[in-house]
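One structure is given here, and the rest of the page talks about it.
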Amino acid sequence: MGDRGGSNSGEALLFLTDEHLRRAIEAMFFAYRGFTADPDRILEEYGYGRAHHRALHFIDRTPGTTVNNLLSILGVTKQSLNRVLRTLIENGLVESRVGRKDRRERHLYLTDTGKALERELSDAQRARMRSAFRQAGPEAVAGFRTVLEAMMDPNMQRHFNNNTQTEER
């Protein structure tokens, strides 16, 4: 076993102080602020908020997803999601189709206009992440992903892993 100073970086992590954790929490707050700044400016032009962005993102990732699945992913109330979807449907960004097997289900798809807005929002975030990842290097990127996955609730890990598996096929 090594010393408490930890020449092994994994061992050093076992001795993180509250101050190290506070700084990491602050870094996440500021990083999230930067990560959402560009999309927020774009969304503001349309009178939309982050809930609209999240809905567009996950509908784009899983075309034909059901309202219930989207509720599960987003973790919002049905009333809140219905408000967001109603706006996106009325504005021609999302199309709601009746289920073929179960007519009570509503399957959600982005229209061409919805795809264009989602692409614009995602492009802004991808550019920021690409730049940060290039600066940090491959080992830091792998570590970052590991930390993010470890912080996810098990339910969200399942959604994330399902999307990752679909992406890698």
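Quick look at the values:
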{"read-out": "Radius 15 Å from Cβ of GLY34, net charge of other residues (Lys, Arg +1; Asp, Glu -1)", "value": "+3"}
{"read-out": "Span-like helix ranges in the chain, DSSP H, alpha carbon extent 18 angstrom or more, Kyte mean at least -0.5", "value": "138-151"}
{"read-out": "Value at 222 nm in deg cm²/dmol, rounded to 500, when DSSP H runs of n ≥ 4 in the chain each add -39,500 (n - 2.57)", "value": "-23500 deg cm²/dmol"}
{"read-out": "Pairwise Cα inverse-distance average, inverted: Kirkwood Rh of the range 106-152 (Å)", "value": "12.9 Å"}
{"read-out": "Order of ILE59, ILE73, ILE42 under a 10 Å beta carbon neighbour criterion, fewest first", "value": "ILE42, ILE73, ILE59"}
{"read-out": "Sum of side-chain charges, PHE144 neighbourhood, beta-carbon under 14 Å (Lys, Arg +1; Asp, Glu -1)", "value": "+2"}
{"read-out": "Per-pair calculated FRET efficiency, R0 = 35 Å: ASN162 and GLU26 via Cβ, rounded to 0.05", "value": "0.65"}
{"read-out": "Gain upon complete extension [GLU19, ALA116; 0.36 nm per residue less C-alpha separation]", "value": "30.6 nm"}
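The numbers here are math on the coordinates, done by the rules we state, and not lab data. As the structure is a prediction and not an experimental result, all values here were calculated from the model. Note that we place each Cβ from the backbone using ideal geometry, even for glycine, and neighbour counts take in every protein chain shown.
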